[in-house]
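These notes are about the structure you will find just below.
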Amino acid sequence: MDGVEVRTLTDGGQPASDTANALTSFISAAEKTVEVAISNFTFTPNQLTIGPGTTVKWVNHDDIPHLVAEKALAFKSQALDTNDSFSFTFTKPGDVEYFCVLHPHMTGKITVKVGGA
Ligand SMILES: [Cu+2]
């Protein structure tokens, strides 16, 4: 758009629709999803800093099942077969440690922080 445009409500309600579009992009920015790959018995990245409201999606790229769970089982996935995924939305700031129930040596950590990426 070039310059400042003054619109009236008789031209199709464009200003209201611009506002709706701005709101939609604001909401989708707040609801972003970050992917954690499970491959070779490793979570990648295995340390992650995110903002509140971010969804983390674990995707199993191995050809054996994995099962993602929070250390104290605050959340727990089903057994994930190849290409299956599990998503969890983090709302509260703090550190979350998780592991694979089937292979407890597989661990990862998520830091939820206001202003986190
Ligand atoms: Cu596993």
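Figures for the structure shown
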{"quantity": "Extreme residue, farthest from residue 107 (Cα to Cα), among residues of the stretch 35-61 that are surrounded by 14 or more Cβ atoms within 10 Å (Cβ to Cβ) and of a type in the set (Phe, Trp, Tyr)", "calculated": "58"}
{"quantity": "Single unsatisfied condition, residue 35 versus (1) of a type in the set (D, E, K, R); (2) in a strand (DSSP E or B); (3) at pLDDT below 95", "calculated": "(3)"}
{"quantity": "Count - residues of the stretch 45-74 that are of a type in the set (Val, Ile, Thr) and assigned to a loop (DSSP other than H, G, I, E, B)", "calculated": "1"}
{"quantity": "Criterion: touching a strand residue (DSSP E or B) at 6+ places or on another chain (Cβ under 8 Å), of a type in the set (Lys, Arg) and touching a residue at least 40 places away in the same chain (Cβ under 8 Å) - qualifying residue of 92, 76, 71, 57", "calculated": "92"}
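The values are calculated or read from the model by the stated rules, or taken from the named source; none is laboratory data. Note that the structure is a prediction, hence the values are computed from the model and not measured. Cβ sites come from the backbone with ideal geometry, for glycine too, and all protein chains shown count toward neighbours.
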